[in-house]
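One structure below.
The values are calculated or read from the model by the stated rules, or taken from the named source; none is laboratory data. Worth saying up front: this structure is predicted, and the values here are computed from it rather than measured. Don't worry about glycine lacking a Cβ; one is built from the backbone with ideal geometry, like all the others, and counts go over all protein chains shown. Remember, those area values only see protein heavy atoms, side chains included, never the ligands or the DNA or RNA. Shrake-Rupley method; radii C 1.70, N 1.55, O 1.52, S 1.80 Å.
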Amino acid sequence: MTIEDCYNTLYLSVTIGMLILVGAMVIRSIIGPRITDRILSINMLGTMVICTIAILSQYLGESYLVDVALIYAMISFATVLILAIMFLPVKPKEPKFPGFTLKNGQAAGKEAEK
Amino acid sequence: MIFEWIRFFIVAALLIAALISFASAVFGAYRFGFVMNRMHSAGIGDTLGIFFIVTALCIASGFNMDTLKLLLLIFFMWFTSPVSTHFLGQVEYYTNPDLSKHVQRIGGMLGDEKTEAELKKKPDKEAEDGAD
């Protein structure tokens, strides 16, 4: 058994393990009770797919697959960001702290109120 | 030849460590009952898992153009993972009606009428004390 066979077996077994974890995350995204559970599961799934693509680029000896992984990372980030912004309220409630209040979008202290 | 085998065992150990960290992330996603706990376990896979994978592949391939691309990948993932987690936390905070069952906020939760009344009362009291 040469070292090439050992590397191929290692990459293949790690890829199969990642495939099982990706399947588990797909099930998690289906049964997630709220929308944030689903978005978070898709985020973790994207990370695992990126790692799988990076391993496959070594396994197949194709260096362009690393570029695919980079693009996948950017698209995964954009997906999470756009979904999160979509489900945020348009104008979130202003946080009210005991020391100061928000007036005209700027923080005004007690002295400014007087 | 012996150095090749040493390199192989280092790569194998790093890849198995990555697999274990991803498995712990998935285990946490099933084990925890609330999104903000699940974000914690998702962070393990986003940072530690991808670090082990990229380090293993850099050692396996040697120094070439792929190494720089993989380092760019790890740089990108380490900067974007906290941003997406922060946005998800914001969505959860502003849209979950049953948030006070799971988390506590110092100074009271937003939208809770009782604590908001207390917060309104408190600055006035301090102002009166100052006037006296």
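With R₀ fixed at 35 Å, the C-beta to C-beta distance from A:Val26 to B:Phe8 puts the FRET efficiency at about 0.65. Taken across both chains, chains A and B shield about 5000 Å² of accessible surface from a 1.4 Å probe.
With all protein chains in place and ligands, DNA and RNA left out, the 1.4 Å accessible area ranks B:Trp78, B:Trp5 as B:Trp78, B:Trp5, largest first. Projected onto its three principal axes, the C-alpha set of segment A:1-41 covers 50, 12, 5 Å, listed from the longest axis down.
Shielding by partners for peptide B:95-104, expressed as the average number of C-beta atoms from other protein chains within 10 Å of each residue's C-beta, is 1. In terms of the mean number of neighbouring beta-carbon atoms within 10 Å, the peptides B:32-40, B:61-69 order highest first as B:32-40, B:61-69.
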